[in-house]
Amino acid sequence: MKNSVQLIGKVGQEPEIRNLEGGKKIANISIATSEVYYRENGDKVEQTQWHRVTAWGKTADIIERFVTKGKEIAIEGKLTHKSYEDKDGIKRFVSQVFAKEILLISK
């Protein structure tokens, strides 16, 4: 189970689907995971994290057919990190999950 991540969250936008040369399909989505906790004084705090998710092949097909904005899904995949320089020369870091499996939770 090296480099394995599992997330359950809500899809934040309509999936971006692209067909590549050679018939391969790629799907990109973002999902939000939320955590709720209470401070000592009783104040409720909700923290939301956004995750970029990319899927290929059959998993991308499933996303294209069944996943829409607002649906709750579970994904399992591999976590990756990359860096790049933006147009202003500032170094940016991006974390991304490459989905191997997807489970549709919402109806």
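The values are calculated or read from the model by the stated rules, or taken from the named source; none is laboratory data. Keep in mind that what you see is a predicted model, and the values were worked out from it rather than measured. Positions of Cβ are generated from backbone atoms using ideal geometry, with glycine treated the same way; all protein chains shown enter the neighbour counts.
Contact map, segment 67-91: residues that are free of Cβ contacts under 8 Å to residues at least 24 places away in the same chain paired with residues that are surrounded by 15 or more Cβ atoms within 10 Å (Cβ to Cβ) and of a type in the set (Val, Ile, Thr), Cβ distance under 8 Å, separation 6+ or inter-chain. Pairs shown: Thr80/Val97.
Could we say that Lys44 is within 17 Å of Val97 (Cα to Cα), surrounded by fewer than 12 Cβ atoms within 10 Å (Cβ to Cβ) and free of Cβ contacts under 8 Å to residues at least 40 places away in the same chain here?
Details: within 17 Å of Val97 (Cα to Cα): no; surrounded by fewer than 12 Cβ atoms within 10 Å (Cβ to Cβ): yes; free of Cβ contacts under 8 Å to residues at least 40 places away in the same chain: yes.
Against the criterion (within 17 Å of Val97 (Cα to Cα), surrounded by fewer than 12 Cβ atoms within 10 Å (Cβ to Cβ) and free of Cβ contacts under 8 Å to residues at least 40 places away in the same chain), Lys44 does not qualify.
Residues in segment 53-71 that are under 13 Å from Ser106 (Cβ atoms) and surrounded by 15 or more Cβ atoms within 10 Å (Cβ to Cβ): Val67, Lys71. Test Ile17 against the stated conditions and say whether it is more than 13 Å from the chain's Cα centre (by Cα), of a type in the set (A, V, I, L, M) and modelled with pLDDT of 95 or more. Answer is yes for this residue.
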